[in-house]
1. In bins 10 Å wide, starting from 0, what share of all Cα pairs of region 5-45 does each bin hold, as a percent?
2. Provide the gained length on full extension for the span residue 10 to residue 202, in nm with one decimal, where the gain is 0.36 nm per separating residue minus the Cα-Cα distance.
3. With P(r) over Cα pairs in 10 Å bins from 0, in percent in mind, check [x] 6, 26, 32, 22, 10, 3, 0; [y] 6, 25, 30, 18, 7, 4, 4, 3, 2, 0, 0; [z] 6, 27, 37, 24, 5, 0 and report the label derived from this structure.
4. Using a 1.4 Å probe, how large is the accessible area of residue 268, given in Å² and rounded to the nearest 10?
5. Please state the Cα pair-distance histogram of region 60-102 with 5 angstrom bins from zero: what percent is in each bin?
6. What figure, in Å² to the nearest 10, do you get for the accessible area of residue 203 with a 1.4 Å probe and non-protein molecules left out?
7. Please label the shape of region 92-148 as rounded, prolate or oblate, based on the square roots a ≥ b ≥ c of the eigenvalues of the alpha-carbon gyration tensor (a/c under 1.5 means rounded; beyond that, a/b larger than b/c means prolate, else oblate).
8. Just report the Cα centroid separation between region 123-144 and region 64-81, whole Å.
Amino acid sequence: MRKPQLVDYLLLSLLSLIWASAFFNIKIATYSFGPITIGFLRSFLGAIPVLILCFYKNIKIEAFSKDWKWFAIIGLVNLVIPFILISYGVNFVQSNLAAILMSTTPLSSTVLAHFFLKGEKFNLLKTIGLLIGFSGIVFLFSDNFLINENNFIAALLILLGSTCYVIGGVITLKISNKENENVTGSILIWSTIILLPFTLIFEKPWMLNPSTESIISVIYLGIFPTGIAWLLRFRILKTNGLIFHSQVSYIIPIFGIILGYIFLNEIITSKIIVALIAVFIGIYLARKADYKNVT
C-alpha cells in the first residue's frame, strides 16, 4: 500500500460524495417508485458498469458457478434487504437522518467482528467508542422533530438496513479469494434476479406514472452509488488499503446533511450535530483500537 497522495484523497472525497448523494436521490425516487422497484432498478442498472468492466478486463463472472449459493445469499443480505429497508425508511424521514444512521456501519461491524472474527475482540478503547457512538444515535432518536411515533419504525428499518451491509460483509469473507469485480457483478446479478418477481407481483411498475425527477434519481442511483462507486471503492482499497478507505464513514454523513439541505431544504437541528459528533468520536476510537492491533 502506498502513502496516500492528493489524488487518493480526491478519489476518497468523490466516493464519499457519490455515496452521500444516494440518500436525497432515494428520497426523490420514493415520490414515484416503491422500495422494491427502487431496489430492483438499482441492482439492474448498477450491474451494467461492473459487468462492462469485467468484460473489458476479461474477468470471469461466477454468478452461476458452484459457489452460486454464496453469491445469492450475499446478494440477498448485502443488497436486496438493505435496498428495500432504506428506501422504505427514507420515504418517511429526512434523507440527512438516513445518512447519519448509515454512518454507524463501522460501529456495527465492530460489534459483529467481536463475535465472528478472531483477533477482533472488544477492548477498553473499542468499548468506550461503541458506547459514545451508539449514545449519539439514541440521542438522535430523542429529536421529536426528526423522529416521532409516525416514523420511528422507519428510522429503525434504516438502522437495520445498515446492519445488513455489515452482515453481508462478514458473509463475503467466505469467498474472499475471488476478485472484487467478480463478486460485485455476481451479487448484483442475483440481487436483480431475486427482486424481479417481487417487483412485478407487489408493485407492478408498468402501472406507474413516475415523474421525470424520480426517473433521473433512480437511474443515477443505479449507475453511480451502486455501480461506479463500487468500482471506485475497489481502486481505493487496492491502492491505499482498508484503514484509509474507512475514512468515508466520517465524510458521507457530512455530505449527506449538506446535500439534503441544498436539494430538499431539510432542517438541520442541534441534535443532528450533537449526534453526528458522537458518532464520529465513537468511530474514531473504535478505528484507533483496530489500528493499534494492526501495528
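1. In order of increasing distance, the bins hold 26, 39, 22, 12, 1 percent.
2. Here the segment from residue 10 to residue 202 would lengthen by 65.0 nm.
3. [z]
4. Rounded to the nearest 10, the figure is 70 Å².
5. 5, 20, 20, 15, 12, 10, 10, 7, 1
6. Surface open to solvent at residue 203 totals about 40 Å².
7. Taking the square roots of the gyration eigenvalues as a ≥ b ≥ c, region 92-148 is prolate.
8. 32 Å
The values are calculated or read from the model by the stated rules, or taken from the named source; none is laboratory data. Values in this document were obtained by computation on a predicted structure and should not be read as measured data. All Cβ positions, glycine included, derive from the backbone under ideal geometry; neighbour counts span all protein chains shown. Accessible surface is based on the protein model in full, side chains and every heavy atom, while ligands, DNA and RNA are left aside. Shrake-Rupley method; radii C 1.70, N 1.55, O 1.52, S 1.80 Å.
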